[in-house]
Amino acid sequence: MSKQTIIGLSLITVIIAGIGFWLYRSPRPADEVLPIDPLAQLFSDVQAEFGLAEPLADAEVSWNVQVDDEIRAMTFSGQILAFQSADSEVESAVRQYLLGHDFVIDKLNVAAGPAASLTGYQKDDQICTLAVNSPLDQSGLLVAGLPTAYGLACAHANFAIAPVISTEQAMQQLFADKYQTKKSAVAILIEQEGVNHVRGSVRILDAASSDPNASSGQGTGGIFLAAKVDGEWVLVFDGNGAISCELVEGYGFPSEMIKDCSDNRALSVKVGEEFTIVLDSNPTTGYSWEATIDSELVSLAGKDYEAKGAEMVGAGGEEIFTLQAKEVGQAEIIFSYLRPWEGAPIKQITYFINISN
């Protein structure tokens, strides 16, 4: 082996040894802080919030899921925090805590009885059930003064679960999104409900806008209409004004939900001038338009019907009202779409006729 080769190998050895020494002496990076499991954090927060010292225990969490048109019961391994309390506000407080942390109530996992109830909450892959068991005597009556037993059980679902939320919650979310407020600030009363349509009243609570736990308070509100479009709820109307028939026409609302809809339209004509108003109609359904006319200012000169698509059985058409202006002023003509034997219209349209010389 030549002298140059020996020197080269020695130099390489020294370099490798130096690198190893430098790596050994260099400060090692701090251990990575692993993210806390969200359910572990939730249990910790609840224990701290309510001053609970009870330990967690392993538990199987039962959960109902909807698969196509079938509801299946499943179980997931998780933990439970079991405790007792004589405070009647505990259930409401835990509920508000979960809802305030973006959990939603899954209506497939809600059960209630005279002394026991269970409510399921879901967020992403996290599921929790809150069981409440009130003390009963031998007669099955509630015993006042004794503590109620609670069990908060949570687990990670091992596959994606879409929560089946109530219509009320869906409406709350729509209004919370529209008015940039908290869901707890939205009070919903469902008055009429179908598979794809809802009518009700809403109140946006002033107090709850800043307090997520508020359940009452003054606020603004009115009636609302909502419909499902491609499987998603959308707000069609909300407020205190008149419901426009034209606005709701394309959503297929049942007639009983929109009996009070109306459309106000205006025309300008001159004294003696004839004018026409054309309205869509389908006599095969038994419905037709009736006009209530301010006869001092306007007279009905004629009424005709023109069919569309005459080759199609049951096809609708147009009712054509020909009217004449008689005197200067503003006339009101109310058109009601009804079955004469029923009396109550399913739609009304009001025209305001401004008559000048």
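Below are the figures for this structure:
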item	result
Alpha-carbon Rg/Rh ratio, for segment 149-203, with Rh computed the Kirkwood way	1.10
Low-density loop cleavage sites - GluC sites (Glu not before Pro) in segment 267-357, where at most 14 other Cβ are within 10 Å (DSSP)	Glu273, Glu296, Glu311, Glu327, Glu342
Local electrostatic count at Ile188 - Lys and Arg +1, Asp and Glu -1, tallied over other residues with Cβ under 12 Å	-1
Net dipole in debye of segment 262-356 [+1 Lys, Arg Cβ; -1 Asp, Glu Cβ; about Cα centre; nearest 20]	100
Cα-only Debye scattering, segment 38-156: base-10 log of I(q)/I(0) at q = 0.10 Å⁻¹	-0.31
Approximate shape of segment 262-356 as ellipsoid semi-axes (Cα gyration tensor, √5λ), whole Å, largest first	26, 15, 10
Candidate aspartates and glutamates - alpha carbon under 16 Å from Lys326, same-chain residues fewer than 8 apart omitted	Glu273, Glu274, Asp294, Glu296
Segment 93-209 - Kirkwood radius from inverse mean 1/r over Cα pairs (Å)	16.3
Karplus 3J(HN,Hα) series, Hz, for segment 90-96 with 6.51 cos²θ - 1.76 cosθ + 1.60 (x for Gly, Pro)	4, 4, 5, 5, 5, 4, 5
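Every number in this text was worked out from the coordinates using simple rules, so none of it is lab data. All values derive from a computational prediction rather than experimental measurement. No Cβ is skipped: glycine too gets one built from the backbone with ideal geometry, and neighbour counts run over all protein chains shown.
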